[in-house]
Amino acid sequence: MRSLLAFLPILLLHTFVQAQSSPTPKFTVTPLNDQVLVHTTYGLVGKIPFPSNGLIIKTKDGVVLVDTGWDSDTNTDNTRELLRWVADNLHQPVRLCIVTHAHEDKMGGISELRKAGVQVVSTPLTARKSVKLGFESPEGILPNDTTFLIGQEPIRCYFPGQGHTSDNIVVWLPNQQILYGGCLIKSVAAFGMGNLADANLAEWAGSIRNVMSHFGTARIVVPGHQDWGDTKSLEHTLTLLEKHKATQK
Ligand SMILES: [Zn+2]
């Protein structure tokens, strides 16, 4: 008995350490209003779990997703969980998924959506790039600026120019005044530019100004990662770009 007590602090410490390094946080859904919700899933950046956002849009004719969960070609648990959440909580079929660029945080769950019979669309460029990355190809049918109606909800998909990638698009919900900026837009919580592997740093600021002139009235701007808020994230992205440029000199 005495010896077990002697070990107790070590056992407790062990449990604590396990909890501290416990893997990825759970998938979450946060409503923006009664029609639009943010889905957040986690991927690992190095060994640190990092959140990735997408939208769930409820329409009179089913659910539209913007971006899949952050999955890889071999593990699609996040998108499976997202589909399960929609089925259990919204009781509506998922009609469509729009993917906003060809990186695994935005389109890694494409095979899971296909399995569930969900149509997945993107621009032709994103479709070509997905195939190069080894993912199933979305249907590359979206023109660079297009608005369509699903269940009376207008949804505008817009390519503002290159930035995070050569193919990044934003999604605008004019009735809601909600802009989904994807990875082109940095959260005000972001301290750096993130993954620049496929970025176009020369054109990024111009693309942000283009977003500002088109969607500057947005009440809510949802970036691809971390916290969302108002249009301050657009200004913040420009500031981060300036800071990054200064460090490159
Ligand atoms: Zn990306």
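Bear in mind these aren't lab numbers, they're just calculated from the coordinates by the rules spelled out. A quick note: this is a predicted structure, and the numbers were derived from the prediction, not measured. Because the Cβ atoms are built from the backbone with ideal geometry, glycine has one as well, and the counts that use them run over all protein chains shown.
Cβ crowding within 10 Å, taken as a proxy for footprinting-reagent exposure, orders 81, 112, 139 from fewest neighbours to most as 139, 81, 112. What is segment 114-243 by shape, rounded, prolate or oblate, if you read a ≥ b ≥ c off the alpha carbon gyration tensor as root eigenvalues and call it rounded for a/c under 1.5, prolate for a/b larger than b/c, and oblate otherwise? Oblate is the answer for segment 114-243, as a/c is 1.5 or above yet b/c matches or exceeds a/b. Judged by the mean number of other Cβ atoms found within 10 Å, the most tightly packed of the peptides 36-46, 67-77, 197-207 leads the ranking 67-77, 36-46, 197-207. Computed from phi, the 3J(HN,Hα) profile of segment 221-231 under the Karplus parametrisation 6.51, -1.76, 1.60 (θ = phi - 60°) reads 10, 9, x, x, 9, 6, 5, 10, x, 8, 6 Hz, with x in place of Gly and Pro. Here the Gaussian network model covers the chain, with springs between Cα atoms less than 10 Å apart; of 126, 237, 30, 30 fluctuates the most.
Among rounded, prolate and oblate, which fits segment 126-187 when a ≥ b ≥ c are the square roots of the eigenvalues of its C-alpha gyration tensor, a/c under 1.5 means rounded, and a/b larger than b/c means prolate?
oblate
Of all the options 27, 191, 135, the one that moves most in a Gaussian network model of the chain with Cα springs shorter than 10 angstrom is 191. Working note: Karplus 6.51/-1.76/1.60 with θ = phi - 60° gives segment 143-153 the couplings x, 5, 8, 8, 10, 10, 10, 10, x, 6, 9 Hz, where Gly and Pro are set to x. Only beta bridges with both residues in segment 24-248 are counted; by DSSP, about 70 percent of them are antiparallel.
Pairwise alpha-carbon distances in the chain exceed 32 Å for 22% of all pairs.
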